[in-house]
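Taken together, the values in this text are just the output of simple stated rules run on the coordinates, not laboratory data. All values reported here derive from a predicted model rather than from experimental measurement. Cβ placement follows ideal geometry from the backbone for every residue including glycine, while neighbour counts extend to all protein chains displayed.
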Amino acid sequence: MVNINRPESYWVGMGKRLRRNKTAMAGVVILLVFTLGSLLAPVVAPHPVEQMNFNSRLSAPSLTHLLGTDDFGRDIFSRLLHGGRISLLMGLITVVLSTLVGVTLGIIAGYYRRVDLFIMQGMDILMSLPALLLAIAVIAVLGPGLTNAMIAVVIAVIPSYVRVVRSAVLSIREKEYIEAVRALGIRDWQILLKHILPNILSPIIVLSTIQFGVSILAAAALSFLGLGAQPPMPEWGAMVFVGKAFLSQAWWMSIFPGLAIMLVVLGFNLLGDGLRDAFDPKTR
Amino acid sequence: MRRYVVKRILSLVGTLLGVSVLIFLMVHLIPGDPATQILGQFATPEAISQLRAKLGLDQPLWQQYMRFVGNLFTGDLGTSLFTGEKVWDQIMNRFPITMQLATLSVIIAAIFGILLGTIAAVKQNTIIDRLVVLTSLLGISAPGFWIALFLIWVFAYKLALFPISGYEGIHSLLLPAITLGMAEAGMIARMTRSSMLEVIKQDYMRTAEAKGAALFRIIVSHGLPNAIIPVVTMIGLQFGSLMAGAVVVETVFTLQGIGSLAIEAIGKRDMPTIQGMVFFMALIFALTNLIVDLIYSRIDPRIHFD
Amino acid sequence: MKEVLLEVNDLRLQFKTDKGELPALQGISFQLKKGETVALVGESGCGKSVTSLAIMGLLSRSNAHMEGSIRFRDTLLNQLSISELRNIRGKDIAMIFQEPMTSLNPVHTIGKQLEEVYRLHTDLSKKERQAKAIEMLKKVGVPRAEDIMREYPHQLSGGMKQRVMIAMAMACNPDLLIADEPTTALDVTIQAQILELMNDLKETDHTSLLLITHDLGVVAEMADRVLVMYYGEIVEEADVASLFSNPKHPYTIGLLRCIPDLDEEEKLRLDPIEGSVPLLGEVTQGCAFRFRCSQAEERCHQEKPPLMATGTGTQAVRCWLYQNKEMAV
């Protein structure tokens, strides 16, 4: 699986396989649409986000309000576009943080056997709780809110990174060429950075892509439970939560934001699957 | 075998000890004085010192922990700050619904997941295969709370087939169980498919064909028992997550399970209940993992714990 | 003259791939008489196994395009439906595979797997099936047959597993047994035992044997007639005595040189044929062996030689070297 002397062509070939992979490209298209939509939200949104209009409360999807309006007469489509900024940014921040912490811990655990037991014991304890419950427990301590929800999600997903990275490092550190480099007297951090990290990059990229979706899903779930982003913030999970009370009169209030979450997460899952196939041509 | 079980139980106790430290610290990690945080700023000093005594906050930390862990392992999870009920009793009152919900959803998910995954593998690279792959990915990607609302909207409001919420017997668990099982079914289908694709290539499948067995028999009798081994493991390992997922589903369907108990407790900052809940879930999680390992040796004759 | 049991006539087979159709078999014809043992010999990739799988109908019909005919007794196997084929497989034609280690299902007991053959092809009751299975295990020399019935494949040695495979193949007393490298994965001492067992069963049950092997030692011990295959074609056909005493095709001669000759001390040196079998689709004209043949002439690059009779018995060879001396078949 791990290619030691990765020539340039490895990444080129990988890119080619990825572009030929219909699954991955479908994911990329979905993610591009949502990213552009959120980035350009102020420009493309047909209505100002917070504009309330009590004459058109709970109006069904129409040409003026593509996805209908909510209980304050706000345009759901415009709110979704703005909400995408929150969800995608939350996903990005949690993924970057958990990757940094998880990969660091994983490399340390895999490379320095002395602390391995200690770190893995800690991870085992974290993993002895289902991720969502762990996140809820963290929020029980920190209190509800957007930032705390992100911290909770980061803590909940870190163990999966540590596990993946550690086992990848373990498989490489015993290879002859690492022994050789070590015999040359090269410092540990240089070995880690120059020789080990590049070789474990592909599982990290695949995992991060999948975790991006998982984080968005978890953060939305916390918001839906009232533990994350709070209404009236146009966060998608919070929008579904508000819409729940109006389900019988205005299904669009909850169904569309939920659909948005599902599509974005689907995008990341498709891309993740495609990346996995592209990195490892043997599986398929 | 017995040695293995003893070893596993010991490591289970170790993990639970770790969890106990974690949940013990939960109270002390709350920024500021826990008692004040719990009761709010406007509580009287008497009430606060009373609570401090009740929580044992006036003793040294290690003593507090020793008492805490001693209580935990004797089944005393403390008393709810609000209802005054024993946390253990609260959990036991609500656990049956969550257990029924989780079990029902695992059954639904396993039936659909294994069936669809197997069909997809046998029909690899056909339209049917692609549909299964996409559907299972959709199941994994869809938020549980959204599936719940969608199902309520369609089946309870539009078609009026199911009660909208609350518990009125086992049939009111059907929609929640489907909701909860959706992601699980997706994962099972994906895993069954890839596992079955691997198994189809094996020599013993060709042997079965050479014997004159029909495709159905080859797949069901020779393929499935092999392909299902990793799937069963995954189902077991996911059971804990499934129970955690019940938090969301119980909230939407207003079911009185332990998930909704947890959310209520967080809303009231009822720390003993939250701590008890977390410990209880860790216990269930660890026990299911143990059971999965033991089942594993039953379905795969090659595994021996000696 | 004995009755012909199996007749393969101009069997052609193409694999459908992304890169077009690859010719795996290019017109194979041979006969197998009742009670006879015919060996298919050649290096891996020459089409031996594909031939056997084609006879069994075990090639995926969507991936492989087949022409020509395979006649078994009075039935044309290549025209049967899948369900008709199923009635023949395991009952009239049985097969043993190369890898006894992986050819048995790891999650089922030996008894269950053996019994299944009777379940598929007879109306016997469960008790009768078990009795038959135990009887069969004893027949192939498995000790403690009753206990073995309850054991799983991983509890058995490789030789025992191959015995079980043979028991499964011989369970319904087939007319034809196809053995694809039955001893290759086994230790030398076990190899001899398995070959002996197959020879014994063949005698007592009057079964014909199509033996696929790359091992000429096995051929010498077992076969009546030999078909040497190269690149999806039969390049030489001979009875076993003529083949060893008077090999014609340069490929056959090369193969024979590869056998360590233990009788003559000084000839212990192995003499492998240089190069390897071309990839499917690589050779479009001429003799496929010319790249590795020291005697290749200009003509070998242009024209493909036909299978030619040599005058010595039924021996035939596909090589231009013998053209002027003999007449084409």
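Overview of values
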| item | result |
| --- | --- |
| Inter-residue pairs, beta-carbon under 6 Å, first more than 12 Å from chain B (Cβ to nearest Cβ) and in the range A:111-134, second crowded, with 21+ Cβ neighbours inside 10 Å and in a helix (DSSP H, G or I), 6+ apart | A:Y111/A:V169; A:D116/A:A109; A:I119/A:L105; A:I119/A:A109 |
| Check on B:S260, within 14 Å of chain A (Cβ to nearest Cβ), under 24 Å from B:P176 (Cβ atoms) and touching a residue at least 40 places away in the same chain (Cβ under 8 Å) | yes |
| Answer from A:I107, A:I186 - the residue that is β-branched (V, I, T), under 23 Å from A:I210 (Cβ atoms) and more than 18 Å from the chain's Cα centre (by Cα) | A:I107 |
| B:Q100, sole failed condition from (1) within 20 Å of the chain's Cα centre (by Cα); (2) surrounded by 19 or more Cβ atoms within 10 Å (Cβ to Cβ); (3) of a type outside the set (D, E); (4) over 16 Å from B:M196 (Cβ atoms) | (2) |
| Meets criteria (assigned to a loop (DSSP other than H, G, I, E, B) and surrounded by 22 or more Cβ atoms within 10 Å (Cβ to Cβ)) for C:P143 | no |
| Qualifying position, being assigned to a helix (DSSP H, G or I), under 30 Å from C:P305 (Cα atoms) and touching a residue at least 40 places away in the same chain (Cβ under 8 Å), among C:V219, C:V235, C:V226 | C:V219 |
| Index of the failed condition, B:E198 passing every other in (1) free of Cβ contacts under 8 Å to residues at least 60 places away in the same chain; (2) closer than 27 Å to A:A218 by Cβ; (3) within 11 Å of chain A (Cβ to nearest Cβ) | (2) |
| Members of the range B:118-148 found to be hydroxyl-bearing (S, T, Y) and not in a helix (DSSP H, G or I), listed by number | B:T126 |
| Within the range C:92-126, considering residues that are more than 18 Å from the chain's Cα centre (by Cα), of a type outside the set (S, T, N, Q) and farther than 24 Å from B:P301 by Cβ, the one nearest to the other protein chains (Cβ to nearest Cβ) | C:H121 |
| Single residue of B:I295, B:I274, B:I291, B:I229 found to be under 16 Å from B:I91 (Cα atoms) and either part of a helix (DSSP H, G or I) or of a type outside the set (V, I, T) (or both) | B:I274 |
| Single match in C:T122, C:T75 (criterion: free of Cβ contacts under 8 Å to residues at least 60 places away in the same chain, closer than 18 Å to C:L5 by Cα and among the β-branched types (V, I, T)) | C:T75 |
| Verdict on C:E3 being surrounded by fewer than 20 Cβ atoms within 10 Å (Cβ to Cβ) and under 25 Å from C:P306 (Cα atoms) | no |
| Subset of the range C:235-249 (residues that are more than 13 Å from C:A309 (Cα to Cα) and among the hydrophobic types (A, V, I, L, M, F, W, C)) | C:V240, C:A241, C:L243, C:F244 |
| Residue satisfying all of: in the range B:203-239; at the interface with chain C (Cβ under 10 Å from one of its Cβ atoms) and polar (S, T, N, Q); surrounded by the fewest Cβ atoms within 10 Å (Cβ to Cβ) among these | B:S221 |
| Some residue of the range A:198-210 being more than 10 Å from every other protein chain (Cβ to nearest Cβ), surrounded by fewer than 24 Cβ atoms within 10 Å (Cβ to Cβ) and either of a type in the set (F, W, Y) or free of Cβ contacts under 8 Å to residues at least 12 places away in the same chain (or both) | yes |
| Selection within the range B:246-266 - under 14 Å from B:F95 (Cα atoms), in a helix (DSSP H, G or I) and not aliphatic (A, V, I, L, M) | B:E250, B:G259, B:S260 |
